[in-house]
1. Does any residue of the stretch 42-54 turn out to be closer than 15 Å to Q109 by Cα, surrounded by fewer than 15 Cβ atoms within 10 Å (Cβ to Cβ) and in contact with a Leu (Cβ under 7 Å, 6 or more places away or on another chain)?
2. Answer yes or no: is there a residue in the stretch 75-86 that is among the hydroxyl-bearing types (S, T, Y) and in contact with a Lys or Arg (Cβ under 9 Å, 6 or more places away or on another chain).
3. Can you name every one of the strands (runs of 3 or more DSSP E) wholly within the stretch 31-87 that holds 1 or more residues which are on the phi < 0 side of the Ramachandran plot, modelled with pLDDT of 95 or more and within 11 Å of the chain's Cα centre (by Cα)?
4. Does any residue in the stretch 1-20 that is of a type in the set (V, I, T) come within less than 6 Å, Cβ to Cβ, of a residue that is assigned to a strand (DSSP E or B) six or more places away or on a different chain, and which pairs are these?
Amino acid sequence: MKVNNSELSGKVIRNNETYIVEDNTFLNNLVLSKTTLHPGKETTGHSHEGLEEVYFFIKGEGKMLLKTETTETNLSVGEGDIVLIPDGAFHKVFNHEGKEDLEFVCVFQKYER
């Protein structure tokens with residue numbers, strides 16, 4: 001199955017003044033989640049024990065905090081960037097300086113939300 005950016009929709013998980021999160025669960029073992037983070041906003045940040053993630057930034061510019069037990073990194077992110085999230089690492093995305101939505105997709109193994 002091939003999809004493009006405009007076809008990444010799925011079940012709306014969150015839709016508020018901060019962001020829109022949609023999970024596409026077409027695959028049996030992986031979730032493709034798309035987030036549209038509005039200007040001046042940030043995600044709540046989270047970590048998952050036993051779960052790795054891959055973030056693909058597809059529109060806009062922002063920052064991402066990535067924190068492990070031994071390091072803390074603040075990354076500038078934008079269209080075309082890919083960030084690998086190790087097992088258990090805390091991560092948070094910021095769109096504080098952007099004047100447009102920051103869009104990214106992440107891929108992770110299915111689990112119960």
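1. Yes; the residues of the stretch 42-54 include at least one that is closer than 15 Å to Q109 by Cα, surrounded by fewer than 15 Cβ atoms within 10 Å (Cβ to Cβ) and in contact with a Leu (Cβ under 7 Å, 6 or more places away or on another chain).
2. From the stretch 75-86, those among the hydroxyl-bearing types (S, T, Y) are 76; that's our starting set.
Now restrict to residues that are in contact with a Lys or Arg (Cβ under 9 Å, 6 or more places away or on another chain): 76.
Yes, because at least one residue in the stretch 75-86 is among the hydroxyl-bearing types (S, T, Y) and in contact with a Lys or Arg (Cβ under 9 Å, 6 or more places away or on another chain).
3. Working: elements: 53-59, 61-67, 72-78, 82-85.
Correct list: 53-59, 61-67, 82-85.
4. Listed by first residue and then by second, the contacts come to V12/E22; I13/V21; I13/D23; T18/K41; I20/T36.
The values are calculated or read from the model by the stated rules, or taken from the named source; none is laboratory data. Because the structure is a prediction, the values reported are computed rather than measured. Don't worry about glycine lacking a Cβ; one is built from the backbone with ideal geometry, like all the others, and counts go over all protein chains shown.
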